[in-house]
1. Restricting attention to the stretch 77-93, report how many residues are part of a loop (DSSP other than H, G, I, E, B), surrounded by 18 or more Cβ atoms within 10 Å (Cβ to Cβ) and among the hydrophobic types (A, V, I, L, M, F, W, C).
2. Could you pull out the residue among LYS74, LYS65, LYS54 that is surrounded by fewer than 16 Cβ atoms within 10 Å (Cβ to Cβ) and within 19 Å of the chain's Cα centre (by Cα)?
3. Scan (1) more than 24 Å from the chain's Cα centre (by Cα); (2) under 20 Å from VAL125 (Cα atoms) for the single condition VAL29 breaks and write down its number.
4. Of all residues in the stretch 1-37, count the ones that are in a helix (DSSP H, G or I) and either free of Cβ contacts under 8 Å to residues at least 60 places away in the same chain or among the small types (Gly, Ala, Ser) (or both).
Amino acid sequence: MSFSILKQIGDAQKKKAVVDVRSGDTVRVTQKIKEGNKFRLQTFEGVVIRTDRKDSHTARIVVRKVTSGVGVEKSYLIHSPLVEKIVITKRSKVRRNNLTYLRERSGKSARLTGKDFDRNAVNDVTVPEEPAEEPQTDAPEVEVVETPEEPKAAKEEKAEEPKAEKPEEAKEA
């Protein structure tokens, strides 16, 4: 098998539009969970401590939160059909991709410095529409030809003549 065939198969598995998730983001991931023959939605909110292979169909994020004093980490495949949506609630300033040092920290030392961002623009995952191709007609193209301008002296004479007539009319009336 050639690499191009594998790439086509992988690209077919990708979702059309996903949120640009980065390390340090606080996200709310909604996931489908199957119980018996029913599906339910479960949300998990935490800090993204790792992002892997962003351009691939196997793109993955690791989300961590502390619940009842116990750290819980979950790994999500972004393009998985079981991941319903990912919403970024907070964005933090970080200087690395892998934030595993947060595992040993608790309390104030585990806090990340927040930064401002446009929440609505980041979480908007609408698929960009491709422009529709206009039907081509057999009509010939029309060229626009500009007329040559009059000399400046002629323009000035025309502009001065009406000014001279208006004051005379005002005196007569």
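1. The number of residues fulfilling the criteria is 1.
2. Just a single option satisfies the conditions, and that option is LYS54.
3. (1)
4. 10
Taken together, the values in this text are just the output of simple stated rules run on the coordinates, not laboratory data. Remember, predicted model here, so these are calculated numbers, not experimental data. Cβ: placed from backbone, ideal geometry, glycine included. Neighbour counts: every protein chain shown.
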